[in-house]
Amino acid sequence: MSVVSSESIEVDTSVRLWTVEEYYHMAEVGILGPDERVELIAGEIYQKMSPQGTPHYTTITRTERMLRQGLGTRVLLRIQAPVHLNDYSEPEPDIAVVYPDPMDYIEHHPYPDDILLLIEVADKTLKRDCQLKAKEYASAGIKDYWVLDVNNRQLYLFREPGQEGYSSQVILSENEEVSPLEFPELKFVVRDLLAPMISQ
């Protein structure tokens, strides 16, 4: 087996990246249907997995409930709603904890400076969430990013963002505690955020 040097790999620069403005125009003219579950990440359109009726959605429900109980009206919780990272990325994280807005963000989706914590719940999307999305969130300066891995019952904790990604990446087991970076007084046991295990 030969090893291919990264220096010998040519990067394909012919990929056509889409802007947020073009992405919305596609929806307006019917290229993207109203029922399509898609999101724009780094200029590319990705299909979203449907989580209804799965441990994915149960984990969202439990995590949202615990955040709401702990944070109340100090924050606004947005569920599977867009955040505007830049002109080429408007993903829809499963949970976005953002500063309250008097108009509830009617003029624009939350920008990176509005975001306190982003959470993705992964069953079939772990690689995308921990690699592609993590890099986009880091380059946008999102300081606190969690990925709840429902299959392996653990939490990926990403902090210290930079243009190349997060320099701090920790995996917590279901028995460990986690606190939001902006609200260290809150402590959650990872298993309480995840969908409960069903006895066979």
Problem - Per residue solvent-accessible surface (Å²) - the range 105-176, probe of 1.4 Å - result: 47 Å²
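Counting alpha carbon pairs within less than 8 Å and at least 6 residues apart, what relative contact order, in whole percent, applies to the range 46-200? The partial results should precede the final answer.
Working: 289 pairs, mean separation 29.6, N = 155.
RCO, the range 46-200: 19 percent.
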Problem - Base-10 log of normalised Debye intensity for the range 63-103 (one unit scatterer per alpha-carbon) at q = 0.18, 0.24, 0.29 Å⁻¹ - result: -0.54, -0.84, -1.02
Fill in the blank from the handout: Hydrodynamic calc, the range 147-200: Kirkwood Rh from Cα pairs, then Stokes-Einstein at 20 °C with viscosity 1.002 mPa s, so D in µm² s⁻¹ is 175 µm²/s
Practice task
Can you check what the Kirkwood hydrodynamic radius comes to for the chain, Cα pairs only, in Å to one decimal?
Solution key: 18.0 Å
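What's the Kirkwood radius of the range 54-136 in Å, using all Cα pairs? If you can, show how the numbers build up before the last one.
On the way: mean 1/r = 0.0745 Å⁻¹.
Roughly 13.4 Å, rounded to one decimal.
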Problem - Share antiparallel - DSSP beta bridges, the chain, percent rounded to 5 - result: 85 percent
Problem - Residues whose placed amide H lies under 5 Å from that of Asp144, excluding near-sequence neighbours - result: Leu118
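The values are calculated or read from the model by the stated rules, or taken from the named source; none is laboratory data. Quick caveat: nothing in here was measured; it's all calculated off a predicted structure. Please note that ligands, DNA and RNA were not included when accessible areas were found on the heavy atoms of the full protein model with its side chains. Shrake-Rupley method; radii C 1.70, N 1.55, O 1.52, S 1.80 Å.
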